[in-house]
Each structure stands twice: as C-alpha cells, then as structure tokens.
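Here the structure is laid out as structure tokens; the discussion comes afterwards.
The values are calculated or read from the model by the stated rules, or taken from the named source; none is laboratory data. Source: prediction; values computed, not measured. Methodologically, a virtual Cβ is constructed for each residue, glycine included, from the backbone with ideal geometry; neighbour enumeration extends over all protein chains shown.
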Amino acid sequence: MTALAPGPPADYLLHFCPEKNMPLIHVEMFEGRTPEIKREFVEAITRETCRVLKCEPGAVDIIMRDVKKSDWASAGVLWSEKK
C-alpha cells in the first residue's frame, strides 16, 4: 500500500493566497437601484476598503441583496407603509 502524500498545511491560503482572507462585505438595500448606481457604489466601497485596509481590489468581495420595502421594517412599521 502506498502512502498518500500529505496535503497542504492548514495555513496554505495565508501563505499563497492572502487576498482570499480579506473582507466580504454584505450590503442590504431597497430594490430599485440601477446597475450603473450599483457599479458606482461597489467601486467606491472597494476603493475605500483598499485605502483603509491596505489591500488590493481583488481581495474585496461585496454581496448586494435587494430587499422589498414590504420586507423591511423600522420602529415596528413596514417601509412600504410609511408615508
């Protein structure tokens, strides 16, 4: 029986892919923004994240989720019912 070669060390990604250990930013906002506005937003968030954290743009991941106003409430009132 042949022994299998040991796999990479547990901290493999830290040594070879440091950008994979950078921020994942989640953004929830009301639906309805255009792709152009979202593009401008993620460019600004990425730029400022890189400035503050001293990382490369490829290290920053952003997940945006559109939320209906009927699915979001503040102070016990749905945003879809606010005047």
Hey, can you tell me all the residues within segment 55-83 that are without any contact (Cβ under 8 Å) to a residue 24 or more places away in the chain and over 17 Å from the mean Cα position of the chain (by Cα)?
Ser70, Asp71, Ala73, Ser74, Ala75, Gly76, Val77, Leu78, Ser80, Glu81, Lys82, Lys83
Criterion: out of contact with any Ser or Thr (no Cβ under 6 Å at 6 or more places or on another chain), in a loop (DSSP other than H, G, I, E, B) and either at pLDDT 95 or above or among the hydroxyl-bearing types (Ser, Thr, Tyr) (or both) - qualifying residue of Arg39, Arg47, Arg33
Arg33
